[in-house]
Amino acid sequence: MLLSFRKYPRIPVSGLFFIRRVRPQRRKGVMDVTKSDRQRRLLEIISARRHETIPNLAHELGVSRYTVMRDLDEVTSIASFYTVPGRYGGGVYAVDGWYYSRTYLTADQEALLRALLPGLPPEDRETMQGILDSFARPVPRG
């Protein structure tokens, strides 16, 4: 009894059947890019648009939805975004104030500046608060 597989067509060879693996076809117009380039592009898109759905990201990057979700899981340590489930209004949202190209303070730097804040004169306190608002890592909503 021979089993027929969609991915593995049967090829007759002298009375015996061998299974030959068929390579998946590439999408037309999609270039091969490295994983890091794809993840960088993913962050740039989310940063620029502030909201995007996973199917749209998958289509634009030329990969599957699952690849986009895996990439999102991997870049969460360097990005500030959150996901919302659902067909209408769901997707990936950038946290207010987060931009991919922006440099943020480390946790130690932010803690030191916040500790110095109460001892500053009022005019310097406003300036320091502005620095913290601009360069402290935003807190995700959700």
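Quickly rank 103-114, 35-46 as a protection proxy: mean count of other C-beta atoms within 10 Å, highest first.
Ranking, from highest mean packing down: 35-46, 103-114.
I need the peptides 90-99, 119-128 ranked by packing, meaning the mean over residues of other C-beta atoms within 10 angstrom, with the highest value on top.
Averaged packing, sorted descending, gives the order 90-99, 119-128.
How would you rank F81, F135, going from fewest to most other Cβ atoms within 10 Å of each one's own Cβ?
Ranked by crowding around the Cβ, least crowded first: F135, F81.
Assigning unit charges at the beta carbon (Lys, Arg +1; Asp, Glu -1) and nothing else, what dipole magnitude in debye, to the nearest 20, does segment 70-116 show about its Cα centre?
Value, rounded to 20: 160 debye.
Sort L132, L116 so the one with the fewest other Cβ atoms within 10 Å of its own Cβ comes first.
Lowest to highest Cβ neighbour count: L116, L132.
Arranged by the count of other C-beta atoms within 10 angstrom, fewest first, what order do S101, S80, S64 take?
Least to most surrounded, the residues fall as S101, S64, S80.
R114 versus S134, label points 7 Å from Cα toward the beta carbon: distance in nm?
2.0
Here, each number is a calculation from the coordinates, and none is a lab measurement. Bear in mind that the values here come from a model prediction, so they are computed numbers and not experimental data. In this analysis, Cβ positions are derived from the backbone assuming ideal geometry, glycine residues included, and neighbour counts consider all displayed protein chains.
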